[in-house]
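Report on the following structure.
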């Protein structure tokens with residue numbers, strides 16, 4: 001009787017687990033994201049928290065928002081609209097930063113500044129192996145309804161310490177960025193649209209007339 005009961009329990013348990021969907025994790029979501037999502041657009045909110053320093057009782061927080069777009073390989077666009085207007089554009093060769101209030105444009109060679117940055121995780125090519133040569137990647141525990149992965153640059157010389165990438169149902173939902181100075185930046189995305197109909201022309205940037213252009 002006992003053997004029959006154990007056999008029944010075992011069979012029911014096996015059937016139950018067979019019926020469950022495969023557990024997702026951040027690494028698998030990233031692989032799918034690189035493979036299947038060639039472009040996207042979304043709104044974003046960014047909260048930057050500075051570390052508590054001498055004489056301060058609470059950490060300083062700054063909140064901004066705007067729109068984000070990317071097109072593989074290596075093209076992206078951040079348009080900050082609140083509280084100040086600022087545009088960051090990567091056209092595949094040059095990274096442009098336009099400060100509207102200062103009417104100033106800073107232009108840098110993209111390959112010199114984007115190697116191990118959060119942008120490289122999102123908008124680089126589709127080669128997961130190439131990404132693992134730049135970042136140490138590992139799945140992190142699920143939290144806040146998201147599947148997470150953690151990325152740490154293999155090159156320890158830069159300011160970036162780590163990036164946590166959060167996916168909801170396979171869709172990019174959040175980035176948590178920590179730097180070596182103790183600053184933490186959290187970007188959350190909304191109205192995300194995979195494979196948006198974007199063209200390379202969208203990521204070309206022409207400095208406005210009269211703007212100061214700085215090329216460090």
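The values are calculated or read from the model by the stated rules, or taken from the named source; none is laboratory data. In this text the structure is predicted, and so the values were computed from the model without any measurement. Using ideal geometry, Cβ is built from the backbone for each residue, glycine included, and neighbour counts are taken over all protein chains shown.
Below is a table of values for the structure above.
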| item | result |
| --- | --- |
| Checklist (1) closer than 18 Å to residue 137 by Cα; (2) at pLDDT below 95; (3) in contact with a strand residue (DSSP E or B) (Cβ under 9 Å, 6 or more places away or on another chain) applied to residue 156, failing item | (3) |
| Residues (more than 17 Å from the chain's Cα centre (by Cα) and surrounded by fewer than 13 Cβ atoms within 10 Å (Cβ to Cβ)) located in the range 64-87 | 82, 83, 84 |
| Which listed residue is without any contact (Cβ under 8 Å) to a residue 24 or more places away in the chain, in contact with a strand residue (DSSP E or B) (Cβ under 8 Å, 6 or more places away or on another chain) and over 23 Å from residue 95 (Cα atoms), from 136, 179 | 136 |
| Any hit, the range 98-106, residues being crowded, with 16+ Cβ neighbours inside 10 Å, at negative phi and free of Cβ contacts under 8 Å to residues at least 24 places away in the same chain | yes |
| Subset tally (residues that are free of Cβ contacts under 8 Å to residues at least 60 places away in the same chain, part of a helix (DSSP H, G or I) and surrounded by fewer than 17 Cβ atoms within 10 Å (Cβ to Cβ)) for the range 114-133 | 4 |
| Filtered residues of the range 32-52 (kept if exposed (fewer than 14 other Cβ atoms within 10 Å of the Cβ) and either closer than 17 Å to residue 176 by Cα or touching a strand residue (DSSP E or B) at 6+ places or on another chain (Cβ under 6 Å) (or both)) | 51 |
